[in-house]
1. Residue check: is Ile44 at negative phi, among the β-branched types (Val, Ile, Thr), in contact (Cβ under 8 Å) with a residue 60 or more places away in the chain and out of contact with any His (no Cβ under 7 Å at 6 or more places or on another chain)?
2. Run Leu181 past the list (1) out of contact with any Phe, Trp or Tyr (no Cβ under 7 Å at 6 or more places or on another chain); (2) open to solvent by 20 Å² or more (accessible area, probe 1.4 Å) and report the number of the one that doesn't hold.
3. Can you tell me which residue among Gln119, Gln149, Gln162 is of a type in the set (S, T, N, Q) and in contact (Cβ under 8 Å) with a residue 12 or more places away in the chain?
4. Test Ser28 against the stated conditions and say whether it is closer than 22 Å to Asn134 by Cα, more than 17 Å from the chain's Cα centre (by Cα) and either open to solvent by 70 Å² or more (accessible area, probe 1.4 Å) or at pLDDT 90 or above (or both).
5. Got a number for residues in the stretch 106-138 being open to solvent by 50 Å² or more (accessible area, probe 1.4 Å), part of a helix (DSSP H, G or I) and either more than 23 Å from Arg161 (Cβ to Cβ) or modelled with pLDDT of 95 or more (or both)?
6. Based on this model, can you work out whether Asn95 counts as more than 16 Å from Ser121 (Cβ to Cβ) and either in a helix (DSSP H, G or I) or at pLDDT 95 or above (or both)?
7. From the list Ala156, Ala186, exactly one residue is over 20 Å from Ala118 (Cα atoms), part of a helix (DSSP H, G or I) and in contact with a Lys or Arg (Cβ under 9 Å, 6 or more places away or on another chain). Which is it?
8. Go through the residues of the stretch 160-168 one by one and say whether even a single one is surrounded by 19 or more Cβ atoms within 10 Å (Cβ to Cβ) and either in contact with a Pro (Cβ under 6 Å, 6 or more places away or on another chain) or assigned to a helix (DSSP H, G or I) (or both).
Amino acid sequence: FESQGLLEEAVSHAFQIPDYDEVARLLSTIPIHYLFEDGGSLKIQQWVERLPRVNLLSYPYVVALMAGASIVNGNARAAYEYLAMIETDESVRPNTDLMRSILVRNESADHRQALRLAQKSLSANDGADKTLANMARGQIAVNYYRLGQLEDTDEAIIEMRQAIRGSDSASLTMHLQAIELQGINAVAQGNLHRAERLCHEGIALATRDGQIRSPLIGVMYTGLGNVYYQWNDLDQADA
């Protein structure tokens, strides 16, 4: 199953043996963007909670992944507890710094500290994990925006979009999220025409041959509706 890319089936059989170290090894191969796939974070939580602590601690990346799953599932307390388990492990420093950046932003709205942590994550990653690096760039952009540093926000988003490559679902999701924030930032700068163009760009990216490629197309239409609302074009906004 693993050799055919059927990870969930491989994990299921490893549990049936049971071979918990094999389960932990399999989970260590999960890319971070799995957290944001349909049901991904809940599956990770269910798997990790069945693992004995000794097997879990042998794979710090899996602990970091579980911290991320806890954040996605809305359990900040559990996320902090998992991060404490790998606090001194430098092998996953980019992951832990990014998770702490998200937690600080969400829990205390300390955007300066969240920004510093996201920047540390990006610097420590050094391009090793492109998805993680782009997640850090996204956090940097969001925190700049929250701090009112709109030009810095634009620069961070442009860097993020330039770094995103490929047509896989993770790249598409991050690209659309970047366009969404870029559009919000354009509205904040009073550049509604640019925001309109960005929304149309996102809609085009989220569709192909008339087929919807991402549910984030709804976010793009919402942004476009807001632009028309700002122009007092209520018929277009409602459409």
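1. Working: at negative phi: yes; among the β-branched types (Val, Ile, Thr): yes; in contact (Cβ under 8 Å) with a residue 60 or more places away in the chain: no; out of contact with any His (no Cβ under 7 Å at 6 or more places or on another chain): yes.
No, not satisfied.
2. Result: Leu181 passes all but (1).
3. Details: Gln149 fails: in contact (Cβ under 8 Å) with a residue 12 or more places away in the chain; Gln162 fails: in contact (Cβ under 8 Å) with a residue 12 or more places away in the chain.
Sole residue among the options that is of a type in the set (S, T, N, Q) and in contact (Cβ under 8 Å) with a residue 12 or more places away in the chain: Gln119.
4. Numbers: closer than 22 Å to Asn134 by Cα: yes; more than 17 Å from the chain's Cα centre (by Cα): yes; either open to solvent by 70 Å² or more (accessible area, probe 1.4 Å) or at pLDDT 90 or above (or both): yes.
In short, yes.
5. Within the stretch 106-138, residues that are open to solvent by 50 Å² or more (accessible area, probe 1.4 Å), part of a helix (DSSP H, G or I) and either more than 23 Å from Arg161 (Cβ to Cβ) or modelled with pLDDT of 95 or more (or both) number 8.
6. Numbers: more than 16 Å from Ser121 (Cβ to Cβ): no; either in a helix (DSSP H, G or I) or at pLDDT 95 or above (or both): yes.
No; evaluated as a whole, the condition is false for this residue.
7. On the way: Ala156 fails: over 20 Å from Ala118 (Cα atoms).
Sole residue among the options that is over 20 Å from Ala118 (Cα atoms), part of a helix (DSSP H, G or I) and in contact with a Lys or Arg (Cβ under 9 Å, 6 or more places away or on another chain): Ala186.
8. Within the stretch 160-168, one or more residues are surrounded by 19 or more Cβ atoms within 10 Å (Cβ to Cβ) and either in contact with a Pro (Cβ under 6 Å, 6 or more places away or on another chain) or assigned to a helix (DSSP H, G or I) (or both).
The values are calculated or read from the model by the stated rules, or taken from the named source; none is laboratory data. Source: prediction; values computed, not measured. Don't worry about glycine lacking a Cβ; one is built from the backbone with ideal geometry, like all the others, and counts go over all protein chains shown. Only protein heavy atoms, including side chains, enter the accessible area calculation; ligands, DNA and RNA are left aside. Shrake-Rupley method; radii C 1.70, N 1.55, O 1.52, S 1.80 Å.
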